[in-house]
Amino acid sequence: MSDSKHIHITNKTFCTGCSACEQVCAHGAIRMRQDYEGFVYPHVDSKSCIECGLCSKTCPQKQGRKQREEKTEIYAAYNTNENVRVASTSGGLFSMFAQWVLSQGGVVFGAAFTDTWMVRHEVAKIESEYARFRGSKYVQSDVTGIYKQVKADLQQDVWVLFSGTPCQIDGLKAYLRKNYEKLLTIDLVCHGVPSPKLWGKFLKWLKGKYEVLHFKDIRFRAKTNGWEKCMVEFDCETKGNAIDTIRFAWAEDLYTSLFEHGISLRPSCNQCKYRSIVHPSDITLGDCWHFQTYAPELFDNKGLSMIMLHTEKGKQLFKEISTSLVYKQLDYKIVAEQIAAEAGYYSESSGAREFYMLQNILPLKVATKFAKRKSLVHRIKSKLNKLIRR
Ligand SMILES: Cc1cc2nc3c(=O)[nH]c(=O)nc-3n(C[C@H](O)[C@H](O)[C@H](O)COP(=O)(O)OP(=O)(O)OC[C@H]3O[C@@H](n4cnc5c(N)ncnc54)[C@H](O)[C@@H]3O)c2cc1C
Ligand code: SF4
Ligand code: SF4
Ligand code: SF4
């Protein structure tokens, strides 16, 4: 057994790739490197490491989860600004908090597409900059160097909104190691993230198939046919200008079908510990898919959010923006039971590791076919097992 104090990944399901360990190391001894699936993990350079153990102590996955004393409030809600709501994934609530923070002279951190259509966390100081954070990007976002930037802004005593996946919020908080009054954290009801390498591979496949010269915009959850039947859209310039927008129904293209079935997720996502009402953030946002049970009167097919307010800060800021919202409070117990019932679905998803192995040796389309078949067989088997056990 190794007695080194630095972080060492022996089981990949344990590491979310939050990069808190890398960013906390003052000796620059840790680099986040992609493995063959394309997910990042920390690698320690033993020559630069002084064995202080700070990286291991910081890792949020090594800390027990603290139960909150405050009671989470849950609402179904949407933004009354139609343009913003339609451009957002769910009810357009993220933008309202971003707008509030900017109006206080603060800054907003979120996930944006880069020039090469990869996904990276960036900072926004004005509205036109944070508009790039709107819309879910179903790819793991690169947060290299971002927590340091958040800390520098907090030390200037300005409001900072950091939005990301629950594991990124946990990573940021572990990195900061103290509470800041002006830090607002917003995370998501998180299905999981595919690897940037797979996303790059898919874009390359798409370019080849449709003779794309370059992409102009990408929308994972376009509301062209409404929120319920969302579309995946790629605005592009193609050879001979044959197509302006490549369009798929959700989960009918290679990429989102793998995502939907949990086949392309990071190992930590298949066993994620954040699938409950307890989150590390002030506020959690998600789609209110169970609107028929929770709030049928709020459904107009333009997007409805479910918002969980975990802290007093979250509740206070919700009050501040609520004049521009249509909302209804939901029953905590009913939502908690629903989330608990759905959490099992993800851990049962199988075939992700096999898929990543196959896509390294087979064409993407063939590997996808194999993996989806295996995942279906697995789901049927586990359903049958459950029925037999009853
Ligand atoms: C990877 C992922 C998985 C999700 N899974 C579910 C789910 O299973 N069920 C559900 O109800 N909701 C899920 N969501 C949340 C949902 O899609 C909406 O993002 C959320 O409801 C907020 O919508 P909005 O209309 O308020 O704002 P939007 O403007 O759509 O919000 C965008 C926000 O998401 C952040 N974001 C976008 N892409 C990423 C990324 N790759 N990594 C980190 N942060 C990102 C932005 O920083 C911004 O804060 C997921 C989101 C993501 C990114
Ligand atoms: S033990 Fe200390 S020096 Fe070594 S990698 Fe971890 S934080 Fe850096
Ligand atoms: S701090 Fe984050 S990236 Fe580092 S080992 Fe822990 S989970 Fe992985
Ligand atoms: S599913 Fe869990 S581990 Fe995966 S990105 Fe989301 S919060 Fe992180």
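General observations
- Using C-alpha pairs under 8 Å with a sequence gap of at least 6, the mean separation divided by the residue count of the chain gives a relative contact order of 19 percent.
- Computed [θ] at 222 nm, deg cm²/dmol, the chain (DSSP H ≥ 4; -39,500 (n - 2.57); rounded to nearest 500): -11000 deg cm²/dmol
- Across the range 188-282 the C-alpha pair distances fall into 5 Å bins from zero in the proportions 3, 12, 18, 21, 17, 14, 8, 4, 2, 1, 0 percent.
- The overall shape of the range 300-346 is oblate: from the C-alpha gyration tensor, with semi-axes ordered a ≥ b ≥ c, the ratio a/c is 1.5 or greater and a/b is no larger than b/c.
- A simple packing score, the average count of other Cβ atoms within 10 Å per residue, orders the peptides 310-316, 251-257, 184-190 as 184-190, 251-257, 310-316, with the highest score first.
- Each Cα pair under 8 Å and six or more residues apart adds its sequence gap; the mean of these over the residue count of the range 12-62 is a relative contact order of 38 percent.
- Axial C-alpha extent at least 20 Å, average Kyte-Doolittle at least -1.0 - helices from the chain (DSSP): 196-210, 332-348, 364-389
- The protection proxy used here, the mean number of other Cβ atoms lying within 10 Å of each residue, ranks peptides 201-212, 160-171 as follows, highest first: 160-171, 201-212.
- For the pair the range 93-126 and the range 182-221, the centres of their Cα atoms are 17 angstrom apart.
- Restricting the calculation to Cα atoms, the chain yields a radius of gyration followed by a Dmax of 21.0, 62 Å.
- P(r) for the range 57-213, from all Cα pairs and a bin width of 10 Å, is 9, 35, 36, 16, 4, 0 %, short bins first.
- Beta bridges by DSSP in the chain, antiparallel share as percent, to the nearest 5: 75
- Compactness of the range 12-62, taken as the C-alpha radius of gyration over 2.2 N^0.38 Å, stands at 1.09.
FYI, it's all coordinate maths here, none of it is from the lab. Bear in mind that the values here come from a model prediction, so they are computed numbers and not experimental data. Quick reminder, even Gly has a Cβ in these numbers, built from the backbone with ideal geometry, and neighbours come from all protein chains shown.
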